[in-house]
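Accompanying notes for the structure given below.
The values are calculated or read from the model by the stated rules, or taken from the named source; none is laboratory data. All of these numbers come straight from a predicted model, not from anything done at the bench. Cβ coordinates were reconstructed from backbone atoms using ideal geometry, including for glycine residues, and neighbour counts include every protein chain displayed. For accessibility, only protein heavy atoms count, side chains too; no ligands or nucleic acids. Shrake-Rupley method; radii C 1.70, N 1.55, O 1.52, S 1.80 Å.
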Amino acid sequence: MNRTMSNEIDTYGIPEDYWGALDPEAEEELKKASLSYPDKRKVLYHLSRAFEKAGAHMTVLIGMYRFYFYQSDLQKSLYWGKRCVAQAAKKLGISENWEKLTEEHRNRLRKEESPLVDLYLRAFHAVAYLLGRLGKKEEALKMLELLCQIDESKQLGAERLVGILMAEENS
């Protein structure tokens with residue numbers, strides 16, 4: 001069955017068909033959150049309301065991730081980053097647990113060029129980065145090793161991050 005893609009693109013360049021349309025009330029809450037900056041309490045209030053309306057929508061998940069990341073709350077941004085990875089994996093039809101990615105899944109991530117694969121790989125890289133910053137270097141390095149195998153073009157900078165983590169470990 002052929003399915004045509006929507007021409008609608010979300011904030012992150014992902015065709016709307018990947019996630020479905022964002023609930024209008026959630027979209028309004030995200031707009032209010034962006035207009036509430038720098039009042040962190042108000043921003044978080046509106047992000048939480050958006051999550052109540054459309055918690056599985058990637059636009060909302062990324063909004064939550066970014067909020068905590070830019071607040072330097074690495075533990076909470078890690079939580080939201082993992083949710084982004086899991087949601088993208090679900091949409092890709094691959095394992096939500098990166099340690100259980102099959103060779104078929106890895107090949108798909110290596111070869112398929114799509115905004116959804118790119119988002120998955122970038123979110124995966126972000127999670128590995130956060131794990132490293134939080135002192136969980138062993139897990140971060142395992143994730144980055146896998147990412148280096150998948151990202152043959154070296155566009156994501158996983159090898160560079162491995163070098164930084166290894167240098168920190170040896171100092």
Exercise for review: Run through all the Cα pairs of the chain and give the fraction in each 10 Å bin from 0, expressed as whole percent.
Suggested key: 10, 35, 34, 19, 3, 0
Study note, to complete from the structure: Heavy-atom accessible area of S153, protein chains in place, probe 1.4 angstrom, given in Å² to nearest 10, is 80 Å²
Review point. By the gyration tensor of its Cα atoms, with a ≥ b ≥ c the square roots of the eigenvalues, what is the shape of the stretch 108-156: rounded for a/c under 1.5, prolate for a/b over b/c, or oblate?
Key: prolate
Review point. Near K154, which lysines are there with a Cα under 16 Å away, not counting those fewer than 8 places off in the same chain?
Key: K111
Review point. If the cut-off is 17 Å between C-alpha atoms, which aspartates and glutamates fall inside it for K137, apart from same-chain ones fewer than 8 positions away?
Key: E99, E145, E159, E168, E169
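For the pair R106 and K40, what calculated FRET efficiency results from E = 1/(1 + (r/R0)^6), where r is the Cβ-Cβ distance and R0 = 41 Å, to the nearest 0.05?
It comes to 0.55.
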Exercise for review: Taking the dipole about the Cα centre of the stretch 22-171, with the C-beta of Lys and Arg at +1 and of Asp and Glu at -1, give me whichever of Q149, G81, N97 is farthest to the positive side.
Suggested key: G81
Practice item. Work out how much length K90 to A56 would gain on full extension: take 0.36 nm times their residue separation and subtract the Cα-Cα distance, in nm to one decimal. Key: 11.2 nm
Practice item. Enumerate the lysines that K53 could reach by cross-link, defined here as Cα to Cα under 16 Å, with residues fewer than 8 away along the same chain left out. Key: K31, K32
Practice item. Could I have the simple spin-label model distance between M166 and E99, label points 7 Å from Cα toward Cβ, reported in nm to one decimal? Key: 2.3 nm
